[in-house]
Structure formats: structure tokens, C-alpha cells
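Colleague: First the structure, then my questions, so here it is.
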Amino acid sequence: MEGVIHKSDKSEFRECLHLTWKQPYILRLAFSAGIGGLLFGYDTGVISGALLYIRDDFKSVERSTLLQETIVSMAVAGAIIGAGFGGWMNDRFGRKPSILIADVLFFIGAIIMAAAPIPGIIILGRIFVGLGVGMASMTSPLYISEASPARIRGALVSTNGLLITGGQFLAYLINLAFTKAPGTWRWMLGVAGIPALLQFILMLSLPESPRWLYRKGRQEEATDILRKIYPSHEVDKEIEGLRDSVEAEIAEEGSIGEGSLIGKLRRAFSSKIVRRGLVAGILCQVAQQFVGINTVMYYSPTIVQLAGFASNSTALALSLITSGLNAFGSIVSIYFVDRAGRRRLMLLSLVGIVTCLALLGGLFFAAESHSPAVSSMETRFFGNYTCPDFEPASRIRWKCSDCLKASSECGFCAHGGNKLLPGACLLSNDAVKDACHAGHREWYTQGCPSNFGWLALAALAAYIISYSPGMGTVPWIVNSEIYPLRFRGLCGGLAAVANWVSNLIVTQTFLSLTEALGTAPTFLLFCAVSFVALVLIFLLVPETKGLPFEEVEKMLEKKGYRAWKGNSIQAQAQAQTQT
């Protein structure tokens with residue numbers, strides 16, 4: 001109920017299950033809107049596997065790291081525009097139309113990519129998909145949040161996070177299923193049109209957000225929806241709290257310039273509540289990306305190859321581990337987010353992330369320093385296919401890692417008996433690759449054979465387990481709760497834009513960083529950034545667990561507000577008990 005502080009206890013998760021079972025309409029709303037999260041996860045995850053086969057089909061892509069990064073990151077660039085435009089559309093036209101338009105963009109993008117004759121058309125399709133992803137990324141959790149009872153709001157919004165990670169897991173399964181099919185990557189990218197069509201059909205039969213309707217003066221429609229969401233004995237109190245909240249906002253907004261975007265931005269930044277909320281919300285969104293998660297989700301098969309597993313199909317199969325653990329972590333988040341709290345989950349998550357990234361950096365350093373040597377005899381076995389930069393007569397000892405870093409395009413053909421023994425450094429093309437495989441050898445172009453590969457995968461898995469329940473889902477929950485209703489669409493859009501700009505920076509630079517710095521220093525760089533994020537979130541992000549929207553505003557408005565002390569629901573409940 002609005003205006004009442006709900007205490008957090010061990011029964012919250014069970015209460016969520018009980019309420020959604022007793023009132024399935026709540027679950028229907030959450031699931032239907034959450035398909036946007038599924039599409040979000042699928043379209044951002046599917047490219048990691050599809051890229052392996054796009055590289056095989058288009059040699060221009062294989063030869064250009066920049067082109068690979070562009071294919072991946074153009075969806076992110078589209079998402080920046082989609083998130084910004086979606087924030088305005090949410091406030092002007094409502095949550096439901098925004099979701100429907102996102103579905104249309106998803107569907108168009110999927111068709112364009114599946115039919116693309118050249119890499120440029122793939123990039124165009126990725127932009128359309130990105131526009132849909134950006135709109136869905138901030139609209140789906142907002143819709144679920146505004147249609148959920150406050151005491152189970154965190155758990156229901158977490159279902160959106162679960163569907164995002166579930167979509168990523170589904171993407172890897174689809175990738176693996178089509179590895180042997182004609183057209184491979186075309187099927188992988190085109191399948192995304194199916195859930196977009198499904199959500200479009202489901203959303204046509206669902207209502208607008210009751211809070212948005214009440215805000216727009218459509219009180220009767222909002223009341224009818226609230227009666228389907230809340231138990232009968234709570235409806236009147238909920239309507240009363242909602243009415244008081246909206247009336248107060250409308251009275252406060254009666255100033256010139258509110259109808260324009262510039263005027264609304266000016267009023268938003270002039271409010272202490274909004275400024276504090278934006279600092280916390282944008283910080284969470286930026287940190288979510290700068291800890292490096294999408295280097296794992298977008299480039300997971302490539303990272304697996306960097307760890308020493310050469311085969312495309314093997315890399316995809318092992319990548320299922322990371323996406324599966326990500327989905328599992330979202331389930332854990334649903335259970336704990338209304339029990340442990342948003343802030344605590346993020347801080348614990350970041351401690352694990354810092355530790356795992358440091359371990360990954362150390363393991364990749366070890367793998368590079370112990371990579372197999374290049375043998376002149378093994379290289380001469382392949383005749384005139386020797387890497388142009390490798391000069392046996394110079395007596396300079398090369399390792400596999402030196403071969404892959406050569407200025408010419410070279411690859412490493414492992415020893416036929418034991419891949420850790422000295423192998424051959426050869427020119428990289430299809431004929432040489434086939435000749436290497438004909439000798440029952442492994443062909444490496446991304447990473448080298450190593451004894452540390454499985455340890456690196458274990459550290460990668462631990463990183464996902466640390467990330468998913470906390471930094472994976474909580475930033476979206478915080479951003480659905482921390483802004484005043486009158487600015488929720490606008491501020492949610494700004495935070496989502498910050499998320500996608502950060503995402504673009506990370507995805508557009510990851511492969512270039514690994515080439516310029518090396519894989520190990522790149523992970524250590526993300527480790528340092530994650531530590532900074534840990535400190536800033538501790539200092540600047542308050543707890544919003546169990547707080548109705550009005551109480552969040554009161555907390556942010558308090559004189560002497562400090563995010564790290566005296567703002568939790570437990571502290572407020574204790575203060576009320578004492579008085």
C-alpha cells in the first residue's frame with residue numbers, strides 16, 4: 001500500500017508466490033511486460049555466437065577488429081537513442097505504447113539481419129534491434145514496478161532481470177542448435193522476431209500502468225486495474241495514497257515550461273530529490289557496465305577461445321555455462337532482493353567481482369607466459385605457409401602468444417601429439433587452417449593452448465555468480481523506485497541512456513584493448529574500475545527496500561541525508577516503533 005512502510009521479513013518471497021498464485025493477473029502483467037527483457041537478453045547475447053560465423057562468411061569482418069566491435073556495439077548505439085526517446089514516450093503516451101513500438105523495432109531488426117547480404121546491412125539491423133532494446137530496457141521494469149504491490153515490487157521487477165538473463169541463455173542454446181544448419185548466423189539473428197510478435201499480441205490485451213493513468217486524469221480506469229492487482233481490503237487505501245501523491249505532484253508542477261522537454265529537465269535538476277535520485281540511479285547503471293559484464297556476455301565465446309579452446313562449437317558450448325549461471329543468479333536475486341536489500345546485494349556483488357577479475361587477470365598472465373613455443377621444424381613442415389614475421393634464422397625464440405600478436409595475420413597450429421608442445425606459426429587463411437586440421441591438430445587465432453584454460457573458465461563462472469544476483473538486476477530495480485512519479489519516465493530514460501553509453505564504450509573498446517594491452521591487463525583494468533564503483537555505491541546509493549514511492553521521496557528530501565546511514569527501511573521502522 002502507498003504511504004505505509006512495509007517491513008521486510010523471511011516470508012516476503014513466499015508472499016510473492018502466494019499473491020501471484022492467488023491473483024494471477026499480477027503475474028500476467030509482469031510476465032507479458034517481461035518478454036521485453038527476454039528480447040533484450042536475446043538480442044544482446046545472440047551476437048556473441050553469431051559473430052564467430054559472420055567472421056567465417058565475411059573475410060572483411062575477420063580481418064577487422066573495428067568491424068567486429070561495430071557489429072556488436074551498433075545495437076548498443078541504437079539502445080542509447082531508444083532509451084532516451086523511450087523516456088519521453090513513456091511520459092507522453094504511456095508505458096504500453098512504448099512496449100508495443102519496441103516490439104515492432106525488434107521484429108524489423110530481426111528480419112533485416114536474417115536477410116543481410118553484406119556486413120553493412122547486419123549493422124543496420126543491429127541499430128533497429130538496439131532501438132527496441134533501449135526502449136524495453138527502461139519501459140519493462142517501469143511498467144512492472146508501477147503495477148506491483150510495494151511489498152513484492154522488488155521480486156516482481158527481478159523477474160524482468162531473470163528474463164533478460166534467460167534470454168541470453170536462450171541465445172546461446174539457439175546459437176548451439178544452428179551451428180550445423182545452413183545459414184547459421186542468419187537463423188540465430190532472425191529467431192528474435194518470434195518473441196517480439198508474441199509480446200505484441202499479449203500487450204494488446206493488457207491495460208496501461210495504473211499510476212500513469214491516474215496521473216493523466218483517467219481515475220476510473222486506474223481504479224479498475226488496481227482492483228485486479230490488490231486484495232479488496234487494500235484497494236481503498238491504495239487509491240487514497242495514489243490520489244494524494246498525484247494531486248501533490250500536479251499542484252507542485254503548475255509552472256510555465258512544464259510541458260516542454262527543456263522545461264521538464266530544468267525543473268528536474270532544480271529538485272534536490274531528483275538530483276540525489278539521479279546520482280544514485282545513474283551511478284548504478286554506469287557501474288553495471290563498467291565492471292565489464294558485457295565483455296563476457298557479448299564476447300563470451302571469444303574469451304573462451306582466448307582461454308585456449310579453439311573450436312567455435314566448443315567455445316559456444318562452454319559459453320552456455322556463463323549464461324546459465326547468469327540466469328541462475330537472477331533467480332537468487334528474486335529471492336533475496338526484498339530480503340537482504342538492494343544496497344547490500346550490490347556491495348556484496350562488487351566485492352566478488354573485484355576478486356574474480358583480479359584472479360582472471362592473473363590467470364591470463366600465467367597462460368600467456370606459459371604458452372607453447374614456436375618450433376622451426378614444425379613450421380617448416382607446412383612449406384611456404386610460414387608466418388611472414390617469423391624468422392627462424394634470427395634465433396629469437398617465439399611463443400604462441402608472439403605468433404598471434406604478429407603484425408601479419410598469423411595463426412598457431414598446435415603439435416599433433418600434445419597441444420602444449422612446440423607448434424607451428426603460420427599464415428592465417430582457410431587453406432592453412434584446413435591443412436592444420438588435416439593433421440589432426442588444433443588451429444588457434446584468438447588464444448593459445450594452455451593448462452590454465454579450465455581455471456580461467458572457473459574464475460569466469462565465479463565472476464558471473466558474483467555479478468548476476470547483485471549488479472546484474474538491482475540497478476534496474478533501484479531506477480524503477482528512486483524517482484518521483486512526475487519525473488520517473490524522464491529520469492529512467494536518462495539513467496538508461498547512461499547505461500547504454502557506458503555499454504557502448506565497453507563493447508566498442510574491449511577487443512581493441514585486448515590487442516593493445518593484452519587480455520590480462522584488460523581484466524585488471526576492469527578490476528580497478530569495479531573497486532572504484534564499490535566505494536562510490538557505498539557512499540552514494542541509499543536503500544529503497546520495501547519503501548513505497550512516497551517514502552523514497554521523503555528519504556531523499558531529508559536534511560542531513562546520507563546514503564550509508566539511517567535511510568534503510570529497518571532504521572525507519574525502528575524509529576517509528578520507538579516514537
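The values are calculated or read from the model by the stated rules, or taken from the named source; none is laboratory data. Just so it is clear, the model here is predicted, and its values are computed rather than measured. Virtual Cβ from ideal backbone geometry, glycine too; neighbours counted across all protein chains shown. Surface areas here come from the heavy atoms of the whole protein model, side chains and all, with no ligands, DNA or RNA. Shrake-Rupley method; radii C 1.70, N 1.55, O 1.52, S 1.80 Å.
Colleague: Using the basic label-point model (7 angstrom from Cα toward the beta carbon), what is the residue 380 to residue 275 distance in nanometres?
Modeller: So the label points at residue 380 and residue 275 sit 7.5 nm apart.
Colleague: OK, next. Count the net charge of all other residues whose Cβ sits under 13 Å from the Cβ of residue 413, scoring Lys and Arg as +1 and Asp and Glu as -1.
Modeller: Numbers: positive: 380, 419, 433, 441; negative: 378, 434, 442.
Net local charge, residue 413 excluded: +1.
Colleague: Additional query: What number comes out for accessible area per residue over the chain if the probe is 1.4 Å? Units Å², please.
Modeller: On the way: 22470 Å² over 579 residues.
Ligands and nucleic acids excluded, the figure is 39 Å² per residue.
Colleague: For residue 442, tell me the accessible area in Å² from a 1.4 Å probe, rounded to the nearest 10.
Modeller: Here the accessible area works out near 80 Å².
Colleague: Straight-line reach from residue 96: which lysines have a Cα under 24 Å away, not including same-chain ones fewer than 8 places off?
Modeller: Within the straight-line limit of under 24 Å, residue 96 reaches these lysines: 216, 228, 264.
Colleague: Another question, if that's okay. Please report the net charge: other residues with Cβ closer than 13 Å to the Cβ of residue 453, K and R +1, D and E -1. Could you put the intermediate results ahead of the total?
Modeller: Numbers: positive: 419; negative: 368, 442.
Local net charge: -1.
Colleague: Given the whole protein assembly as supplied and a 1.4 Å probe, what does the accessible area of residue 270 come to in Å², nearest 10?
Modeller: 80
Colleague: Sticking with this structure for a sec: Just tell me which lysines come within less than 25 Å, Cα to Cα, of residue 399; anything on the same chain fewer than 8 places away is out.
Modeller: Result set, ordered by chain and number: 419, 433.
Colleague: I need the Kirkwood Rh of the range 113-246: take the reciprocal of the average 1/r across all distinct C-alpha pairs and report it in angstrom.
Modeller: Values: mean 1/r = 0.0565 Å⁻¹.
Kirkwood radius, the range 113-246: 17.7 Å.
Colleague: Still on this structure, please answer the following. Mind pulling the angle between the C-alpha long axis of helix 219-229 and the longest principal axis of the chain? Nearest 10 degrees, somewhere in 0 to 90.
Modeller: Orientation of helix 219-229: about 60 degrees from the principal axis.
Colleague: A further question on this structure: If you count only protein heavy atoms and use a 1.4 Å probe, how large is the accessible surface of residue 290, to the nearest 10 Å²?
Modeller: 70
Colleague: Still on this model: Ranked from the most accessible area to the least, with a 1.4 Å probe and all protein chains present, what is the order of 342, 266?
Modeller: 266, 342
Colleague: On alpha-carbon atoms, Rg over Rh for the range 420-544 using Kirkwood Rh? Mind dumping the intermediate values first?
Modeller: Numbers: Rg = 21.3 Å, Rh = 18.8 Å.
Reported Rg/Rh (Cα atoms, Kirkwood Rh): 1.14.
Colleague: Once the Cα atoms of helix 272-290 and of the chain are each reduced to a long axis, what angle between those two axes, in degrees from 0 to 90 to the nearest 10, is obtained?
Modeller: Helix 272-290 and the main axis of the chain meet at about 20 degrees.
Colleague: Rounded to the nearest 0.05, what FRET efficiency do residue 394 and residue 351 have when you use their Cβ-Cβ distance and R0 = 56 Å?
Modeller: Working: r = 48 Å, r/R0 = 0.85.
Once rounded, the FRET efficiency stands at 0.70.
Colleague: When the accessible area of the range 423-579 is split by element with a 1.4 Å probe, what percent falls to carbon and sulfur?
Modeller: 63
Colleague: Give me the lysines in straight-line cross-link reach of residue 565: C-alpha distance below 21 Å, same-chain residues under 8 apart excluded.
Modeller: 7, 272, 545, 554
Colleague: Show 237, 559, 433, 545 ordered by accessible area, largest first, where the area counts protein heavy atoms only and the probe is 1.4 Å. The partial results should precede the final answer.
Modeller: On the way: 237 120, 559 200, 433 65, 545 5 Å².
Greatest to least solvent exposure: 559, 237, 433, 545.
Colleague: Run a plain Debye calculation on the range 28-169 (Cα atoms as equal point scatterers, no solvent) and give log10 I(q)/I(0) at q = 0.09, 0.19 Å⁻¹, rounded to two decimals, same order as the q list.
Modeller: Debye curve over Cα of the range 28-169, log10 I(q)/I(0) at q = 0.09, 0.19 Å⁻¹: -0.29, -1.01.
Colleague: Show that you can apply the helix-only estimate: for the chain, add -39,500 (n - 2.57) for every DSSP H stretch of four or more residues, divide by all residues, and state [θ] at 222 nm to the nearest 500. Spell out each step's value before the answer.
Modeller: Working: 26 runs with 417 residues, N = 579.
The per-residue figure over the chain is -24000 deg cm²/dmol.
Colleague: Also: In the range 68-224, carbon and sulfur make up what percent of the accessible area (probe 1.4 Å)? The partial results should precede the final answer.
Modeller: Values: 3770 of 5000 Å².
The C+S portion of the solvent-accessible surface of the range 68-224 is 75 percent.
Colleague: So, with +1 on the Cβ of K and R and -1 on the Cβ of D and E, and no other charges, what is the size of the charge dipole of the range 461-564 about its Cα centre, to the nearest 20 debye? Show your work: numbers first, answer last.
Modeller: On the way: 7 positive and 7 negative charges, 48 e Å.
Using Cβ point charges on Lys, Arg, Asp and Glu, the range 461-564 gives about 240 debye.
Colleague: Around residue 368, what is the net charge, scoring Lys/Arg as +1 and Asp/Glu as -1 over all other residues with Cβ under 14 Å from its Cβ? Write out the running numbers ahead of the final one.
Modeller: Values: positive: 399, 405; negative: 402, 515.
Residues near residue 368 contribute 0 overall.
Colleague: Tell me, what HN-Hα J-couplings in whole Hz come from the Karplus equation 6.51 cos²θ - 1.76 cosθ + 1.60 at θ = phi - 60° for each residue of the range 236-246, using x for Gly and Pro?
Modeller: So the Karplus estimates, Gly and Pro as x, are 4, 5, 5, 4, 5, x, 5, 4, 4, 4, 5 Hz.
Colleague: With every protein chain kept in the model, how would you rank 272, 565 by accessible area, 1.4 Å probe, largest at the top? Could you put the intermediate results ahead of the total?
Modeller: Values: 272 85, 565 120 Å².
Order by accessible area, largest first: 565, 272.
Colleague: Let me ask you something else. Any idea how far the Cα center of the range 439-495 sits from the one of the range 397-432, in Å?
Modeller: Taking the Cα centre of each part, the range 439-495 and the range 397-432 sit 31 Å apart.
Colleague: Another question about this same structure. Quick one: helix 119-146 against the long Cα principal axis of the chain, what's the angle to the nearest 10°, folded into 0 to 90?
Modeller: On a 0 to 90 degree scale, this one is about 30.
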